[in-house]
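The values are calculated or read from the model by the stated rules, or taken from the named source; none is laboratory data. Quick caveat: nothing in here was measured; it's all calculated off a predicted structure. Positions of Cβ are backbone-derived with ideal geometry, glycine not excepted, and every protein chain shown enters the neighbour counts. Surface areas here come from the heavy atoms of the whole protein model, side chains and all, with no ligands, DNA or RNA. Shrake-Rupley method; radii C 1.70, N 1.55, O 1.52, S 1.80 Å.
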Amino acid sequence: MKKMSTLFALLVAFSLVLAACGSGGTAVQDEFSALAEFEGLKLDAGSCDYGGKVLSIEAVDELTVVFTLCKPDPAFEAKIAFTPFGIQPQEHLARTGGSGELLENPIGTGPYMVAEWDRGNQIVYTRFDDYWGEAGAASTVTLRWLTEGAARLQELQAGTADYVSNLSPSDYATVQNDPNLQILYHQNPNVFYIGFTNTASPYDNVDVRRAIALGIDYQRIVDNFYPDGSEVASHFTPCAIPNGCEGESWYEFDAEAGRALLAEAGYPDGFTTRLYYRDVFRVYLPEPARVATEIQAQLQENLGITVEVVPMESGEFIAASTSGELTDGMHLLGWGADYPHVTNFMDFHFGANNPQFGNAHAEIYGPLQEASSIADVATAAPLYAEANNMVKELVPLIPVAHGAAAHAALASLQGAYYPPFGAPQFNFLDNGTDSIVFVQNAEPISLDCADETDGESLTACQQVVETLLEYGKDSGATFPELATSCESNADSTVWTCHLRDGVKFHDGSDFDADDVVASWARGLDASNPYHVGNTGSFDYYGYLWDSFMNVPAE
Amino acid sequence: MTTNIEAVVPAPADALRSRSLAALTWRRLFKQRNAIVGMAILLFLTLVAIFAPLLAPYDPVQSLLGIETLKEREAPCIHMLGCPEDKPQHIMGIDANYRDVFSRIIYGTRVSLFIGFSTIGMAVVVGAVIGAVSGYLGGWVDNLIMRLMDVVLAFPSFLLAIAIITVIGRGLQNALYAIAIVNIPVFARLVRASVLSIKEQEFVSASRALGASNLRLLFVRIFPNALPTLVVQATLSIAAAILEAAALSFLGLGAQPPTPEWGTMLGSERNQVFTAPHLVFFPGLAIMLTVLAFNLLGDGVRDAMDPRLAQVAKK
């Protein structure tokens, strides 16, 4: 009997082992079959004839994506860390059709999810508990907006906001002297410049442009109209950007030399012109009307040029200035770095196809084109020096200042910071309660940031949608985010990104390589059914990667 | 008992005055305290405007950077009130572009008075001609003109002014045109109503019977009798016009920098109410005083020209 029971026990045990082995075997088999069956998405331009930088993006397995470029791009890693290149689940893109609900309800992998967007009032985020990284301290974050700097500061002083962005320069001292508040300086590289369109008189005369460059007291502008930490621009690109300051420094203020040059150009008594600007706060130009009035006064006083200042509606001004339509005057504009690379400043402004300054100068864009495919900073340096020298020589614009900005938070808010690139992540902020209020200067346009360019929208998106790499808290260096690493081949034309395992989207679905390809394809491929967005312009895809794929013939 | 004939029979001069509406109006006007206050303020503002170059200590558009050591939006410095003697005196402070606010306020008086008189002047001339022609000719001409005026009046005047500026472009000159245009219907209707009633009166018929031409009838016989109401309305409208121009400039649609215009000054520093209140207080005060002066004067002129009110005052 005992033997029988032992035999029975052995049989049972053997059956269990077999069952276990069987199920395990099935699991392994499934995994193998999945690997064998994984047919990742691939975005393929077919050739580089379309003019863009990206040849193909392919999901080679669930956690590996390969980007093949048409030519080396030394700024590849810096670019893919930019918020518009955030990843959303392909199923969500398909379900929303690339627009509609997607504009207000993005689904990402970030530390916070959008709970509600009360248009005109606020966006409420809730913490994503399955977040792969450092979870947020507060379970709820409210993003609000107030256009007036004074009103934002009042919110902070009243304790109804924990963090407010973009302090007015006149409020710096107030914040610094208030023990309940902390000031957060912002070091985003930027430049404020005076632009000319060289297709009409008198700005078709390089001596007139040079004379104006000599007739402006830059130091006086920076000292009196910019906050602490700002500096006179010695080059168009800030020196914080590698290769930005190669070549000769900009002209020193010399009114007498300016007047002489203007007389040589045929304008001994000056002339009458216009100065266009938009009255919108920007870090590079915190108080546009004041600076415009100051430049107006300086040009009258130093060069005898009578200037009519013309404020324009923001959108109208951007459209007119960047398309080179403001031919009867100068325009005040600037640039804040999107990603930490000199190409972001130089190539955009001085490229062969940019009509903003009239006829492009081959003397400038020639060396830039050559430099844009050189990854090594030192090797590219002489080319950037040559380009900078030609900018000084030909004066398509006058770089004036690199502005500093500051934000403010309650002193009790732990972890408050503002990175040089992008916006602060709410999950690093902790006020000791379950709720944080962040107030910025404008309402986001939409939360489909693949198709937005304004900083206010990108700040809102950044909490929800993540990119393959991310910028550091205190520098433009890139760090792993959804990709654990991105490696290139020898000539930097093939980039292989290994994705983070176990990441979940807010809808509970798993993140994989197909989501990466689907998200990029939506922005980059003009024929993609989900290439719809808010306006459909997908500016950063077209601009940073040179062109869209499959653009329909007009 | 003797009767003082002089007390009963008016002296020739008095009799003459009693026949002159203008003289009567002046006399009534000077009896009204509010009107006198209005006139006094207006006289003061006019003198300030005329003698602005003598009164203003600084050039209103010149930045004082490099000339004096200043802070942006510096508070008023008045030596009598304890401001150190070694600091330059700026009794209304310094603005965001390092200019003397007092000098800008003084020169702003010129701009504001010019705006008030020029806009209403334009509106009165055009409106009066339109109204007179419309009322005198009647018929389809009257119908057409008045319907056009109704269309203009159907829009809120300030919104219409903004719409006009949107079309013709911003700037002080265009703002003046816009304000004048939106005020034309008021005067046109007023003059038309007067002409309609006056043209039926006997002295007009008599003139017509004596062979007076239409133009003579309209502009020599009828129109002068419509003037009193026009003057009252014009005086009151100047205040509104100054306010509208200031509002347009506040919105950036009127006077452009560096013109020292009160509305522009107010608009450019509207965010500094708490940090630099002097930059909004003084332009605001200047606008308030000017508008108040015209309103007080306008009310006084209306009361002085209205015989019914004069009767009430006598009782």
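Key figures for this structure:
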{"item": "B:Ala240 being out of contact with any helix residue (DSSP H, G or I) (no Cβ under 7 Å at 6 or more places or on another chain) and surrounded by 18 or more Cβ atoms within 10 Å (Cβ to Cβ)", "result": "yes"}
{"item": "Filter result (open to solvent by 30 Å² or more (accessible area, probe 1.4 Å) and either within 14 Å of another protein chain (Cβ to nearest Cβ) or under 26 Å from the mean Cα position of the chain (by Cα) (or both)) within the stretch A:225-271", "result": "A:Asp228, A:Gly229, A:Glu231, A:Val232, A:Ser234, A:Cys239, A:Ala240, A:Pro242, A:Cys245, A:Glu246, A:Phe253"}
{"item": "Those residues of the stretch B:269-294 which are open to solvent by 20 Å² or more (accessible area, probe 1.4 Å), facing chain A (nearest Cβ under 10 Å) and not in a helix (DSSP H, G or I), in sequence order", "result": "B:Val273, B:Phe274, B:Thr275"}
{"item": "Looking only at the stretch A:132-170, and only at residues there that are more than 24 Å from the chain's Cα centre (by Cα) and within 11 Å of chain B (Cβ to nearest Cβ), the one that is surrounded by the most Cβ atoms within 10 Å (Cβ to Cβ)", "result": "A:Leu153"}
{"item": "Test: residue in the stretch B:239-253 that is under 23 Å from B:Ile91 (Cβ atoms), over 13 Å from the mean Cα position of the chain (by Cα) and outside any helix (DSSP H, G or I)", "result": "no"}
{"item": "Meets criteria (in contact with a Ser or Thr (Cβ under 6 Å, 6 or more places away or on another chain) and not aliphatic (A, V, I, L, M)) for B:Asp142", "result": "yes"}
{"item": "Filter pass, A:Thr478 being β-branched (Val, Ile, Thr), open to solvent by 40 Å² or more (accessible area, probe 1.4 Å) and touching a residue at least 24 places away in the same chain (Cβ under 8 Å)", "result": "yes"}
{"item": "Criterion (away from every other protein chain (no Cβ under 14 Å), open to solvent by less than 50 Å² (accessible area, probe 1.4 Å) and either modelled with pLDDT under 95 or in a loop (DSSP other than H, G, I, E, B) (or both)) met by exactly one of B:Pro88, B:Pro84, B:Pro60", "result": "B:Pro88"}
{"item": "Criterion violated by A:Gly120 - all others in (1) out of contact with any strand residue (DSSP E or B) (no Cβ under 6 Å at 6 or more places or on another chain); (2) open to solvent by 30 Å² or more (accessible area, probe 1.4 Å); (3) part of a helix (DSSP H, G or I) satisfied", "result": "(3)"}
{"item": "Whichever residue in the stretch A:293-312 is at the interface with chain B (Cβ under 7 Å from one of its Cβ atoms) and either open to solvent by less than 10 Å² (accessible area, probe 1.4 Å) or part of a helix (DSSP H, G or I) (or both) and, among such residues, is farthest from A:Ala257 (Cα to Cα)", "result": "A:Val309"}
{"item": "Residue within the stretch B:301-309 that is open to solvent by less than 60 Å² (accessible area, probe 1.4 Å), of a type outside the set (A, V, I, L, M, F, W, C), within 14 Å of chain A (Cβ to nearest Cβ) and in a helix (DSSP H, G or I) present", "result": "no"}
{"item": "Top-ranked residue in the stretch A:361-394 [being part of a loop (DSSP other than H, G, I, E, B) and either among the polar types (S, T, N, Q) or at pLDDT 95 or above (or both); ranked as most open to solvent (accessible area, probe 1.4 Å)]", "result": "A:Ser373"}
